[in-house]
1. Take Ala38 and tell me if it is within 20 Å of Val17 (Cβ to Cβ) and modelled with pLDDT under 85.
2. Quick check on Thr51: is it polar (S, T, N, Q) and surrounded by 10 or more Cβ atoms within 10 Å (Cβ to Cβ)?
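The values are calculated or read from the model by the stated rules, or taken from the named source; none is laboratory data. Treat the numbers as computed from the prediction; the structure is a model and nothing was measured. Cβ placement follows ideal geometry from the backbone for every residue including glycine, while neighbour counts extend to all protein chains displayed.
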Amino acid sequence: MKTCPLGHTCDSCLWHVHLQGHNPQTGLPVDKRECAIAVLPMLMVQVGGKTDQVAATIESTRNALAAGSSEIAFAITHHNGNNGQRVIADGD
C-alpha cells in the first residue's frame, strides 16, 4: 500500500480522488483513482491550456466589438438627418 507525503494510506485519505477526463498532453482518456497531490502537474498543464483558450476567445471578442463600435461611430457621424437613416459612403 502506498503512503502519501501527508503520511496517510491512500485508500483512507481524503486526497484520494476519482479522476475522469482526458490527459491534456496525450489526449488519451483518464479514469482512475489517484492521490490529488500526484495528479497536480497534469491538472496544472490542463488549466494552463484552458487559460490560453479563454485568453484567445477574449481577444477575438474584443476585436469583434472594436470593429462593430467603429461601424456604429461611422454610422452616427455620417447620418444626414434623413430620419436616422445611414448614409452609405464609399467603401461600405
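1. Here the answer is yes, as Ala38 does meet what is asked.
2. Taking the combined requirement at face value, the residue satisfies it.
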